[in-house]
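The values are calculated or read from the model by the stated rules, or taken from the named source; none is laboratory data. Source: prediction; values computed, not measured. FYI the Cβ positions are ideal-geometry reconstructions off the backbone, even for glycines, and counts take in every protein chain you see. When the accessible area is computed, the model is the full protein with side chains, heavy atoms only, and any ligands, DNA or RNA have been set aside. Shrake-Rupley method; radii C 1.70, N 1.55, O 1.52, S 1.80 Å.
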Amino acid sequence: MDESRLPVPLARVALRVIPETVLNRLTYLLIRRMQKIHPGLFQNLARLDAATVCIEPSDLPYRFVLKFGQGPTSLRTAARAGCSCDAAVKGKLESLLNLLEGRIDSDMMFFSREIIITGDTAVVVALRNTLDREEIRLLDDISAMCGPVSNPARKVIVRVNKFMEHIKTSMKNAHERRHSRDANEAAAKLECARLQEEIKALKFRLAKFEVRGKRMDASAL
Amino acid sequence: MRSSYLELVCPAGTPAALHAAVAAGADTVYCGFRDCTNARNYPGLNFDMDEMTAGVAYAHEHGCKVLVTINTFPRAGQEKSWHQAVDNAAMAGADAIILADIGLLDYATRRHPGLRRHLSVQASAANALSILFYREHFDIKRVVLPRVLSIEDVASLIQQTEMETEVFAFGSVGPMSEGRCFLSSYMTGLSPTHEGVCAPASHVVYQDDNHCIKSCLGSVTLNKFSKDEPAAYPTPCKGRYEANGRTSYLFEEPIGLNAVDILPQLKAAGVTALKIEGRQRSRAYVSKVVGTFRKALDDLAAGTQIHASGDLKTMAEGGRETSGAYKKGWR
Amino acid sequence: MIENQTTQNLPAGKITIGPLFFHWTAEKRRDFYFRIADEAAIDCVYLGEVVCSKREIFFKEFLPVVSERLQRAGKEVIVSTLALVTSKREMSTVSAYADAGFMVEANDVASLQALHGRPHVIGPFINVFNESTRDYVIKNNATRIVLPVEMAADSIGRLAGGGEAAEIEVMVFGRQPLSVAMRCYHARAHELNKDSCQFVCGLDQDGLQTNTVDQQPILAVNGTQTMSHGYVVLLQELAKLQNMGVSHFRLSPQDVDMARVSHLYRNVLDRKCDPAEALETLKAITDTVPFINGFWHGSEGFAWVENRA
């Protein structure tokens, strides 16, 4: 795995389990941190016409509203229904993160329908072009949020993700085994139990991470 | 040396794309200012003066040349902005400027005689007489050839004019004579010739229409496609139209140009430089396309088999490729 | 009305017949020009093939007789050249006209080179969008400039208001040419290509109507050329154009009674007929084809903007 990248499965799980209020606080902090790391990006965003873009990860229960142009940039979560944004970008979380980090050509994702754009196309084009001016490594920025503990935090993220990938593979294997005729039911059960344990451990680790986030949240106020 | 080396000319819509192009092996990058003086005037794209100066310096440090594109046609009464762009390109240390307008060529020739002038594809110089006109009047050093010529046409032009030529190797296919196409302003009121944007995003709308996606430019519906068809930009010359009782891509299909398979022929024709189109595309596109062409050109120079086919298909418009007008039968 | 007083002192505007864009049979073409010579209120006629060099051969034999008849009727005759020159054969045609001493309308920069500074007309397919370009081509001996169809009123005003250095011509009637190409779209519409075109462009004497997928008529295809579906009509703008300094008014031949159209425009230019009335008469002549004037107003070219004046 490319260890410079924010692990998407982990991000997906994290985004599912973290309560919305905490998430909003975290995105606020992330934006604030990113303003320090990428001042040019925010200057360029401020040069654009004022606009709101709805970012809809199709594999998450909610979406984000990004506000930029002619003032401070903000990112917050929003409910699935009802949105008065100028434009919306919809796609899998992984595609959207790739887009943000400029790893994959956005036009290509558009041609292949990996992302779907609705509303004011000019707003999305302006945002894409502005983001593309900057080298964004979200993992670095998120780790940087953790201040002095950024390196350990980064390690935790990478480790937890490895762990998750391991679970995913195990589950996949288990699934395959269960569906094969010669499957040993006992072994499968055992594997399931082990997986449940692993998931439990993972949730625990995540919760710890969440607490750490809350703590930083509090100290930042 | 010149005849055996094909120069790779790469797009940079942003400073980040310029860095990506240099890293991926560009010999030359081309870019424009953040206004209507260039033909890729999209929101959030292009260089301000500081970025241009820094971009030129960065490229030069890495042994790479920079061409500044000032290839729209100044509007009457507003020529000052275009003159400013020419002066700024000179000040930023550009290696050459790419121009299309006769008046602007005249200005640059008089004001900056020492700054190399290239003739933009927007000037639509598709024959030897036109090229000679621009050379005699404005001492142009290179001509970017229109995308409507076959390889045989290209070879013949080079033979007749003995001019440095730059041809498109990858990017969009333009079926119309460029710089003289008013289809986009006919549908939007915004002129690519002055504003530098064809099919401006401000007028592009995608609508869900019963299992179909409808793409519109202003109030004109340019395409309807089923949801499993690749998406495409609503460009007037790449829309579906109904004529003679048949609905079809009357002008051109949503398809990208890729000349990687005919590099040996282009080289044999005597082409000086290969141009990758796409200042409006992302830096990921720049890395991928420039990297692929760098390798292909290195293979070509080393006399080994070029292994690049198929690599870039996903990057092409509509996810499909053509060698466009280069091969007979296209027209 | 101050405007009327000033226009009365202006020289009478000249009406021209632009080059025929469509592929009519040689006989129809010849008879068309004979009628123009005999009946129309026209000062100048542009002959010659602009769209496709493959068509040139057909009318060649009639050119001298048509040209002679027009000149005898007191019309100025100018030879228009191809809008997109690519082959050696096309270049030699362009050079031949230049060398034969015809007054040439240059539609590709190739013609300018072939002319070597002899007096000529700049056609609408060479981009003259600003003062510097205008002044440069005048210095190169252009005596008249036909402005690009895309140009809006304010830009026309700026370019026409430049003194008497060259005459300025604006297209005021007909389908607006929007693009030229190497590819033949008429052939494509018939699932052919340019090299095996069967001259299918001759099937549509006024252009092939092209609709959007929503059945909105939007363009007209004419061989390698793409045109507006509607006819541009700048009848109500004639006085303004004259005031700006525009001296020549181009009617682009359509498959309608062009002699009648020319008289209508003549009468409006001479203030013998009210523009609004003339517009109604024109509608009767042109049948169902809509009128457009969007480019003049700086909006979508296919639009018709009601005259508020």
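Is it true that C:LYS14 is open to solvent by 10 Å² or more (accessible area, probe 1.4 Å), within 22 Å of C:ALA114 (Cα to Cα) and either modelled with pLDDT under 95 or of a type outside the set (A, V, I, L, M, F, W, C) (or both)?
Numbers: open to solvent by 10 Å² or more (accessible area, probe 1.4 Å): yes; within 22 Å of C:ALA114 (Cα to Cα): no; either modelled with pLDDT under 95 or of a type outside the set (A, V, I, L, M, F, W, C) (or both): yes.
Considered against the rule, which asks whether it is open to solvent by 10 Å² or more (accessible area, probe 1.4 Å), within 22 Å of C:ALA114 (Cα to Cα) and either modelled with pLDDT under 95 or of a type outside the set (A, V, I, L, M, F, W, C) (or both), C:LYS14 comes out as no.
Residues in the range A:156-191 that are surrounded by fewer than 14 Cβ atoms within 10 Å (Cβ to Cβ), among the β-branched types (Val, Ile, Thr) and at pLDDT below 75: how many?
Count: 0.
Take the conditions within 12 Å of chain C (Cβ to nearest Cβ) and open to solvent by less than 10 Å² (accessible area, probe 1.4 Å) and apply them to B:VAL143. Does it pass? First the steps, then the outcome.
Details: within 12 Å of chain C (Cβ to nearest Cβ): yes; open to solvent by less than 10 Å² (accessible area, probe 1.4 Å): yes.
Yes, satisfied.
Open to solvent by less than 10 Å² (accessible area, probe 1.4 Å) and touching a helix residue (DSSP H, G or I) at 6+ places or on another chain (Cβ under 7 Å): does that describe C:ALA220?
On the way: open to solvent by less than 10 Å² (accessible area, probe 1.4 Å): yes; touching a helix residue (DSSP H, G or I) at 6+ places or on another chain (Cβ under 7 Å): no.
Spelling it out, it is not the case that C:ALA220 is open to solvent by less than 10 Å² (accessible area, probe 1.4 Å) and touching a helix residue (DSSP H, G or I) at 6+ places or on another chain (Cβ under 7 Å).
Are any of the residues in the range C:171-186 of a type outside the set (A, V, I, L, M), at the interface with chain B (Cβ under 8 Å from one of its Cβ atoms) and open to solvent by 20 Å² or more (accessible area, probe 1.4 Å)?
Checked against the condition, which is being of a type outside the set (A, V, I, L, M), at the interface with chain B (Cβ under 8 Å from one of its Cβ atoms) and open to solvent by 20 Å² or more (accessible area, probe 1.4 Å), the range C:171-186 yields no hits at all.
Only one residue in A:ALA50, A:ALA79 is under 22 Å from B:ALA201 (Cβ atoms) and either open to solvent by 20 Å² or more (accessible area, probe 1.4 Å) or in the same structural domain as A:THR130 (by TED's automatic domain parsing) (or both). Which one? First the steps, then the outcome.
Numbers: A:ALA79 fails: under 22 Å from B:ALA201 (Cβ atoms).
Selected residue: A:ALA50, the only one of A:ALA50, A:ALA79 that is under 22 Å from B:ALA201 (Cβ atoms) and either open to solvent by 20 Å² or more (accessible area, probe 1.4 Å) or in the same structural domain as A:THR130 (by TED's automatic domain parsing) (or both).
State all residues of the range B:297-311 that are touching a Lys or Arg at 6+ places or on another chain (Cβ under 7 Å) and either assigned to a loop (DSSP other than H, G, I, E, B) or under 15 Å from B:HIS19 (Cα atoms) (or both); if no residue qualifies, say none.
Let us first name the residues in the range B:297-311 that are touching a Lys or Arg at 6+ places or on another chain (Cβ under 7 Å), namely B:300, B:308.
Correct list: B:ALA308 only.
Checking the conditions here, which among C:PHE59, C:PHE22 is open to solvent by less than 20 Å² (accessible area, probe 1.4 Å) and in a loop (DSSP other than H, G, I, E, B)? Give the steps one after another, and end with the answer.
Details: C:PHE59 fails: in a loop (DSSP other than H, G, I, E, B).
Just a single option satisfies the conditions, and that option is C:PHE22.
Does B:PRO113 satisfy the criteria of being without any contact (Cβ under 8 Å) to a residue 40 or more places away in the chain, part of a loop (DSSP other than H, G, I, E, B), within 12 Å of another protein chain (Cβ to nearest Cβ) and not aliphatic (A, V, I, L, M)?
On the way: without any contact (Cβ under 8 Å) to a residue 40 or more places away in the chain: yes; part of a loop (DSSP other than H, G, I, E, B): yes; within 12 Å of another protein chain (Cβ to nearest Cβ): no; not aliphatic (A, V, I, L, M): yes.
The answer is no for B:PRO113.
Can you give me the number of residues within the range B:214-236 that are part of a strand (DSSP E or B), closer than 15 Å to C:LEU219 by Cβ and more than 9 Å from every other protein chain (Cβ to nearest Cβ)?
Number satisfying all stated conditions: 1.
Kindly evaluate B:SER191 against the criterion of being at pLDDT below 95 and within 11 Å of chain C (Cβ to nearest Cβ). Walk me through how you get there before you give the answer.
Details: at pLDDT below 95: yes; within 11 Å of chain C (Cβ to nearest Cβ): yes.
So B:SER191 fits the description; yes.
Could you list, in sequence order, the residues of the range B:162-188 that are out of contact with any strand residue (DSSP E or B) (no Cβ under 8 Å at 6 or more places or on another chain) and more than 7 Å from chain C (Cβ to nearest Cβ)?
B:GLU162, B:GLY174, B:GLU178
Kindly list the number of the only condition in (1) over 21 Å from the mean Cα position of the chain (by Cα); (2) within 14 Å of chain C (Cβ to nearest Cβ); (3) under 27 Å from B:LEU18 (Cα atoms) that fails for B:SER124.
(1)
Do we find that B:ASN127 is in the same structural domain as B:ASP50 (by TED's automatic domain parsing) and free of Cβ contacts under 8 Å to residues at least 40 places away in the same chain in this structure? Don't jump to the end; show me each part of the working.
Details: in the same structural domain as B:ASP50 (by TED's automatic domain parsing): yes; free of Cβ contacts under 8 Å to residues at least 40 places away in the same chain: yes.
Yes: the conditions hold for B:ASN127.
Among the listed residues C:GLU76, C:GLU105, C:GLU90, identify the single one that is of a type in the set (D, E, K, R), within 22 Å of the chain's Cα centre (by Cα) and crowded, with 24+ Cβ neighbours inside 10 Å. Please lay out each step first, then the result.
Values: C:GLU76 fails: crowded, with 24+ Cβ neighbours inside 10 Å; C:GLU90 fails: crowded, with 24+ Cβ neighbours inside 10 Å.
It is C:GLU105.
Just name the residue that is nearest to B:GLY44 (Cα to Cα) out of those in the range B:201-257 that are without any contact (Cβ under 8 Å) to a residue 12 or more places away in the chain and among the acidic types (Asp, Glu).
Checked the range B:201-257; the qualifying residue nearest to B:GLY44 (Cα to Cα) is B:ASP208.
If a residue must be at the interface with chain B (Cβ under 10 Å from one of its Cβ atoms) and either closer than 20 Å to B:ASN41 by Cα or touching a Gly at 6+ places or on another chain (Cβ under 6 Å) (or both), how many such residues does the range A:88-111 contain? Lay out the reasoning, then the answer.
Pass one, the range A:88-111, residues at the interface with chain B (Cβ under 10 Å from one of its Cβ atoms): A:98-99, A:101-111.
From what is left, the residues that are either closer than 20 Å to B:ASN41 by Cα or touching a Gly at 6+ places or on another chain (Cβ under 6 Å) (or both) are A:105-107, A:111.
Residues that pass the stated criteria total 4.
List the strands (runs of 3 or more DSSP E) that sit entirely inside the range B:237-296 and contain at least 3 residues that are under 22 Å from B:VAL22 (Cβ atoms).
Working: elements: B:241-243, B:246-248, B:256-258, B:273-276.
Because the criterion is at least 3 residues that are under 22 Å from B:VAL22 (Cβ atoms), the strands (runs of 3 or more DSSP E) in the range B:237-296 that meet it are B:273-276.
Hey, can you tell me all the residues within the range A:55-76 that are surrounded by fewer than 16 Cβ atoms within 10 Å (Cβ to Cβ) and within 14 Å of another protein chain (Cβ to nearest Cβ)?
Across the range A:55-76, the qualifying residue is only A:GLN70.
Working only within the range A:129-155, note down all residues that are buried (at least 20 other Cβ atoms within 10 Å of the Cβ) and either aromatic (Phe, Trp, Tyr) or within 7 Å of chain B (Cβ to nearest Cβ) (or both).
A:ASN129, A:THR130, A:ASP132, A:ARG133, A:GLU134
Consider the range C:127-150. How many of its residues are β-branched (Val, Ile, Thr) and surrounded by fewer than 24 Cβ atoms within 10 Å (Cβ to Cβ)?
Qualifying residue count, the range C:127-150: 3.
Pick out the one residue from B:VAL56, B:VAL68, B:VAL22 that is open to solvent by less than 30 Å² (accessible area, probe 1.4 Å), among the β-branched types (Val, Ile, Thr) and under 30 Å from C:ILE156 (Cα atoms).
Working: B:VAL56 fails: under 30 Å from C:ILE156 (Cα atoms); B:VAL22 fails: under 30 Å from C:ILE156 (Cα atoms).
None of the other options fit; the residue is B:VAL68.
Looking at C:GLN209, C:GLN198, C:GLN215, can you tell me which residue is away from chain B (no Cβ under 12 Å), farther than 30 Å from C:ASP38 by Cα, open to solvent by 20 Å² or more (accessible area, probe 1.4 Å) and without any contact (Cβ under 8 Å) to a residue 60 or more places away in the chain? Working first, answer last.
Details: C:GLN209 fails: away from chain B (no Cβ under 12 Å); C:GLN215 fails: away from chain B (no Cβ under 12 Å).
Answer to the selection: C:GLN198.
The rows are residues; the columns are (1) at pLDDT 95 or above; (2) open to solvent by 10 Å² or more (accessible area, probe 1.4 Å).
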| site | (1), (2) |
| --- | --- |
| C:ALA259 | yes, no |
| C:HIS263 | yes, yes |
| C:ARG271 | no, yes |
| C:ALA278 | yes, no |
| C:THR288 | no, yes |
| C:GLY294 | yes, no |
| C:PHE302 | yes, yes |
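Out of the residues in the range A:104-128 meeting the condition of being in contact (Cβ under 8 Å) with a residue 12 or more places away in the chain and either in a loop (DSSP other than H, G, I, E, B) or among the basic types (Lys, Arg) (or both), tell me which one is least open to solvent (accessible area, probe 1.4 Å). Steps first, please.
Taking the range A:104-128 and keeping what is in contact (Cβ under 8 Å) with a residue 12 or more places away in the chain, we get A:106, A:109, A:114-121, A:123-124, A:126-128.
Now narrow it down to the ones that are either in a loop (DSSP other than H, G, I, E, B) or among the basic types (Lys, Arg) (or both): A:114, A:120, A:128.
Working: A:GLU114: 75, A:ASP120: 61, A:ARG128: 43 Å².
Per the stated criteria, the residue is A:ARG128.
Has the range A:135-154 got any residue that is touching a Pro at 6+ places or on another chain (Cβ under 7 Å) and over 26 Å from B:ALA232 (Cβ atoms)? Don't jump to the end; show me each part of the working.
At the first step, the residues of the range A:135-154 found to be touching a Pro at 6+ places or on another chain (Cβ under 7 Å) are none.
Looking for residues that are touching a Pro at 6+ places or on another chain (Cβ under 7 Å) and over 26 Å from B:ALA232 (Cβ atoms), one finds none in the range A:135-154, hence no.
Only residues that are in a helix (DSSP H, G or I) and in contact with a helix residue (DSSP H, G or I) (Cβ under 7 Å, 6 or more places away or on another chain): list them for the range B:135-152, please.
Initial filter on the range B:135-152 (in a helix (DSSP H, G or I)): B:135-138, B:151-152.
Selection gives B:PHE138, B:ILE151.
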